[in-house]
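The values are calculated or read from the model by the stated rules, or taken from the named source; none is laboratory data. These numbers come from a predicted model, not from an experiment. A quick note on method: Cβ atoms are made from the backbone with ideal geometry, for glycine too, and the neighbour counts reach across all protein chains shown. For accessibility, only protein heavy atoms count, side chains too; no ligands or nucleic acids. Shrake-Rupley method; radii C 1.70, N 1.55, O 1.52, S 1.80 Å.
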Amino acid sequence: MISSNNRVRVYWDLLVFVCIFWASLESPLRIVISYDQNLLLTGVYFFIDSVFALDIVWNCITPEYKEGKWVVLRSEVIRDYLKSWFIIDLIAAVPFEYATLKIFGLQQSQYPYLYLILGVTRILKVFRISDILHRINLAFQPTPGILRLVLFAFWVTLVAHWCAVGWLYMDNLQDYQTGQSEYIKALYWTVTTIATVGYGDITPSTDLQRIYTIFVMMLGAGVYATVIGNIASILGNLDLAKAAQMKKMAQVDSFLKARSIPADMRRRVRDYYMYIIDRGWGEDESLLLNDLPLSLRKEVKIQLHRSLLEKVPFLKGADPALVASLVFSLKPTIFLKGDTVFKRGEKGDSLYILSEGSVDILGSDDKTVLLNLQEGQFFGELALVTEEPRSATVRATSTCEIYTLSKSDFDHSLERFSEFRSAIEKSVSNLKK
């Protein structure tokens with residue numbers, strides 16, 4: 001049994017998707033447009049039939065995602081497949097046209113509508129599109145709404161194409177009169193009708209055409225409403241967190257303006273919101289991951305904070321228990337350029353680890369720069385060790401992402417992990433010098 005996370009299966013699904021799309025477009029079109037069944041087209045359909053046949057094998061040897069879990073037992077997968085999609089996949093894979101030609105000697109040019117029935121069997125595979133896109137979505141995890149957008153575009157394209165083919169059929173043109181230009185006109189009529197535009201430059205002239213037009217107009221009303229509703233929903237759901245943060249930023253700005261807060265301070269508030277929106281800091285990490293089991297939550301947090309863990313010297317190659325302890329204890333904080341992280345004389349209650357940006361350690365006059373710290377360095381540990389007030393003022397020289405470790409977690413880490421104690425003692429020793 002092939003693994004459920006095997007990317008070969010995903011790329012195979014993409015190939016099947018393309019084959020289904022081609023067959024759904026070309027099979028009906030060949031009945032109303034006169035063109036030769038040349039060697040190239042025959043080769044294309046031989047390839048598509050081969051892909052559809054091999055897809056039956058793939059469905060028997062790959063896991064099935066069912067009711068929120070992967071079914072990996074081969075006998076169970078085969079049993080479920082035979083009860084569900086096997087018949088449709090088999091009908092779509094059998095080359096009925098080729099078999100009819102070889103067995104009965106029937107030519108497409110002599111019996112075009114028989115070939116319509118035989119060729120349309122491949123289109124049955126279109127009912128598998130939702131399952132295929134669902135597996136692709138599980139593998140690639142695109143932005144929410146992308147899957148719905150692709151599926152929606154797929155069906156709109158097919159419906160417009162099939163309606164255009166139907167209009168050509170209703171137009172009673174001879175084979176030699178029907179070509180690319182006539183199809184484009186039919187597609188133009190279909191799109192304007194479905195989109196409820198209806199310029200009126202192409203109109204029905206027979207009762208059969210009028211009945212067909214009524215059907216397409218009724219379909220168009222439903223499609224138009226679906227288009228507007230789906231596109232609005234998809235665009236609105238592409239980034240819910242960003243939309244919520246933008247709304248919150250507007251509300252806060254309106255509140256501050258109503259309270260006559262200075263424009264410079266309002267600008268800094270907006271800068272803060274724009275930074276956390278651009279960097280994806282709009283959600284509470286702990287709250288989002290709280291439902292995950294502890295082991296998985298630990299792995300996710302380590303991946304989230306990998307860049308930080310790689311920057312801090314004493315965490316490179318550290319005990320995994322120390323790394324796990326810190327990623328659960330560290331709290332992210334944003335400081336804008338010019339913000340004071342803490343002031344001289346304040347009570348020390350946290351250790352600070354600089355993930356991005358830089359800060360200045362200021363002298364007793366709060367102007368002289370004693371030291372500039374960059375990414376991966378930490379500060380604030382002296383007050384936690386000596387339990388004395390902060391000995392210096394720290395100011396951000398750029399927008400900074402800083403992780404804080406509270407005093408209780410700091411003391412706990414000192415007791416449990418020798419490498420952490422060694423790093424802190426070394427840093428404190430250098431500060432005292």
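A few points about this structure:
- In the stretch 12-45, residue nearest to residue 124 (Cα to Cα) [restricted to those that are open to solvent by 50 Å² or more (accessible area, probe 1.4 Å), at pLDDT below 85 and in a helix (DSSP H, G or I)]: 42
- When each of 366, 411 is tested for being exposed (fewer than 14 other Cβ atoms within 10 Å of the Cβ) and in a loop (DSSP other than H, G, I, E, B), the lone residue that passes is 366.
- Scanning the stretch 333-348 for residues that are in a strand (DSSP E or B) and either surrounded by fewer than 17 Cβ atoms within 10 Å (Cβ to Cβ) or in contact with a His (Cβ under 9 Å, 6 or more places away or on another chain) (or both) yields 333, 340.
- Single residue of 308, 351 found to be under 38 Å from the mean Cα position of the chain (by Cα), assigned to a strand (DSSP E or B) and touching a residue at least 24 places away in the same chain (Cβ under 8 Å): 351
Matching residues to (1) assigned by the TED database to the domain that holds residue 339; (2) part of a helix (DSSP H, G or I); (3) of a type in the set (Phe, Trp, Tyr):
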site	(1), (2), (3)
370	yes, no, no
394	yes, no, no
420	yes, yes, yes
426	yes, yes, no
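- Only residues that are in contact with a helix residue (DSSP H, G or I) (Cβ under 8 Å, 6 or more places away or on another chain) and either at pLDDT 80 or above or within 17 Å of residue 55 (Cβ to Cβ) (or both) were counted in the stretch 1-11, giving 5.
Results for (1) of a type in the set (A, V, I, L, M); (2) over 21 Å from residue 414 (Cα atoms); (3) touching a residue at least 12 places away in the same chain (Cβ under 8 Å), shown as yes or no for each residue.
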position: 318; (1), (2), (3): yes, no, yes
position: 327; (1), (2), (3): yes, no, yes
position: 339; (1), (2), (3): no, yes, yes
position: 359; (1), (2), (3): yes, yes, yes
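- Selection status of residue 102, at pLDDT 70 or above and open to solvent by less than 40 Å² (accessible area, probe 1.4 Å): no
- Counting residues in the stretch 393-403 that are open to solvent by 50 Å² or more (accessible area, probe 1.4 Å), at pLDDT below 85 and closer than 29 Å to residue 306 by Cα gives zero.
- Of residues in the stretch 49-89 being open to solvent by 50 Å² or more (accessible area, probe 1.4 Å) and in a strand (DSSP E or B), the one modelled with the highest pLDDT: 64
- Looking only at the stretch 234-256, and only at residues there that are at pLDDT below 85 and exposed (fewer than 12 other Cβ atoms within 10 Å of the Cβ), the one that is farthest from residue 147 (Cα to Cα): 247
- Looking only at the stretch 163-177, and only at residues there that are touching an Asp or Glu at 6+ places or on another chain (Cβ under 9 Å) and buried (at least 19 other Cβ atoms within 10 Å of the Cβ), the one that is modelled with the lowest pLDDT: 171
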